[in-house]
Amino acid sequence: MPVVLLLITATVQIATLQTDRNVMESAAARGVEIARVQGGTDEGGSAAVRQALAQFHSLHDVRIAVTRLAGNVQVDITATALSILPGLEIPMHASASGPQEPAA
């Protein structure tokens, strides 16, 4: 019986982590989408990421970095995922990048 409970717990933890990763990747892509347009700002991209992540409470210690280099915009998100097992903290990272829109 303990083995079955352990397997169920592990399955739920893995599913939660996959969902967190998908949410972070989607939020990073949204941040790039907002920051890369003409007139878009790093703050706007960061705000879009925060808004996308605000619906999910399984991530904490979220850090967002929006950088521009050589005509590209990159959004990096690092966070700690909540764990089903007490005391276990799981670091996570997601990023997205895209070309910056040229000025008209």
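Computed from the coordinates by the stated procedures, all read-outs in this text should not be read as laboratory data. Treat the numbers as computed from the prediction; the structure is a model and nothing was measured. Neighbour counts are summed over all protein chains in view; Cβ atoms, including those assigned to glycine, are modelled from backbone coordinates with ideal geometry.
Key figures for this structure:
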| item | result |
| --- | --- |
| Over the chain: helical MRE at 222 nm, DSSP H runs n ≥ 4 each giving -39500 (n - 2.57), nearest 500 | -16000 deg cm²/dmol |
| Order by protection proxy (mean Cβ within 10 Å, highest first), peptides 12-19, 23-30, 1-8, 34-41 | 23-30, 34-41, 12-19, 1-8 |
| Fraction in percent of alpha-carbon pairs per bin - 5 Å, the chain | 2, 14, 21, 19, 13, 10, 8, 5, 4, 2, 1, 0, 0, 0 |
| Those residues of segment 74-104 whose amide nitrogen sits under 16 Å from the label point placed on residue 16, 7 Å along Cα→Cβ | 79-92 |
